[in-house]
Structures are given as C-alpha cells and as structure tokens.
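Right, one structure below, let's go through it.
Just so it is clear, none of the values below were taken in a lab; they were calculated from the coordinates. Please read all numbers here as calculations on a predicted model, not as lab measurements. Positions of Cβ are backbone-derived with ideal geometry, glycine not excepted, and every protein chain shown enters the neighbour counts.
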Amino acid sequence: MKYGMQRRFLAFKCGSLALFFVFIVLLVACSNGPTASNAVVSAPTPTLSIQMGNGDLSPTPTPLAYTCGAWATQTSLPVGTDRIGVNAKFTRLVDGNPQGVDNATATATVHWPDNTTDTQTVQTTFDGLAVFTVQIGNHMDAINKIVLITIHFEKAGTVCDVDSSRAAFFTLVVSTPTATTTPGANGTPGANATPPGNKKPG
C-alpha cells in the first residue's frame, strides 16, 4: 500500500515537471514569433515610368534667322498733336545672339480709319533701327480709333514684315480740360469766390 502511494506521488512529480517543461517551451516559442506590436506590414514600392522619345512631345522650335518689330513712342495722343514717332527694329541671329541688320530698306504704311494709307521709307541704322515720323494732319476721323502702322524690311533679297497682328499703333483722344481757380486778393485760391446761394452785401 505504501509502495503504491510512493509510485503515484513520483508519477505526479514527474508529470508536473514534464508539464513545466512543456510550458517553458511554449513560452519561448511564443516570445520568438511575430506579435501585433512588432509585426511589420510591407507596403508596395511606388514606381514611376518615364518614357522618352515617344513622339508626343513637341520639339523646341528653331529660332528664326531674321526677326522684326515696331512700336509707337506714345499710344494715346491728345487731339491737336501734329506728329508721332514710330520705331522699328530689324535683327538677325549671329552665333545665337541677335544683331541689328544695318542699311536695310524699311517702309512704313500708316493705315487710317477712313481706309486711306500713307507710306514712308527710311534706311536702318547700324543697329537695325528704323525711325519714322508720322504726320497726323487733319485726320479727325482717327479720334478714339486705333491707327495701325505696318513695316516692311528688305535687304539683299531677305525680307521681314511687321504685319497687322504685330503692328505699331496709336489713338487720338479728346483730352479733358483741368478746372482752375482764380486767386483771391490775399493770394489764396478762391478767396474772392462767393459761395453758391449767397449774395454779397450791397
């Protein structure tokens, strides 16, 4: 009887020890495995594809060998002005840099609102500049209307035109007179003026 109890006690101790080792193994295994706190979620790597030379891109335009332009020295003129200056420039590219075309023939055409035209021809200076003086005269029909000046350049068979889409322009406007006051006796402006509705004592 006593021997049987000892065997059962020994079996209980061995079972407890074995259970303890199993618990330790499970604990170690769980501590080495992934947990919610240290799990790493890998995101997909973003990619960007750049395709060159697919034919959809416009090439850089080649600069023009010759260019020209024109402008009026003043775009709004009071009625009564008898003349206005108009400048024009004729240039070419030399080693990628603009250079004036000298001694070229420049012809300006003034397009008045009544469909009449005036022309004037000059030679460009060493830096490609052409200077015109437009006589306004009695063109009263130009009041509050745009007057265009187109330019035609030519030298040794090379031409350049400042057409109506890029023309120089000006407009005649009616100027508003500025009100003035008469100085009073003591030099103060309007000192002698009588306020409206009051009469000077007689």
Which three lengths, in whole Å and largest first, does the range 66-173 cover when its Cα atoms are put on their principal axes? 47, 22, 21
At 0.36 nm per residue, and after removing the present C-alpha to C-alpha distance, how many nm does the segment from residue 109 to residue 140 gain when stretched out fully? 9.3 nm
Quickly work out the residue 159-to-residue 83 label distance, labels modelled 7 Å from Cα along the C-beta direction, and quote it in nm with one decimal. 3.0 nm
Between beta-carbons, use under 13 Å as the cut-off and find the net charge around residue 152, counting Lys and Arg +1, Asp and Glu -1. -1
At R0 = 25 Å, FRET efficiency that the Cβ-Cβ distance of residue 121 and residue 75 yields, to 0.05: 0.60
Please turn the phi angles of the range 79-95 into ³J(HN,Hα) values with the Karplus equation 6.51 cos²θ - 1.76 cosθ + 1.60 (θ = phi - 60°), one per residue in order, whole Hz, x for glycine and proline. 4, x, 5, 9, 7, 8, x, 10, 10, 9, 10, 10, 10, 9, 8, 10, 6
If you add up the charges near residue 111, with Lys and Arg at +1 and Asp and Glu at -1, over every other residue whose beta carbon is less than 13 angstrom from its beta carbon, what do you get? -3
Neighbours of residue 90 by Cβ distance under 12 Å: Lys/Arg at +1, Asp/Glu at -1, summed charge -1
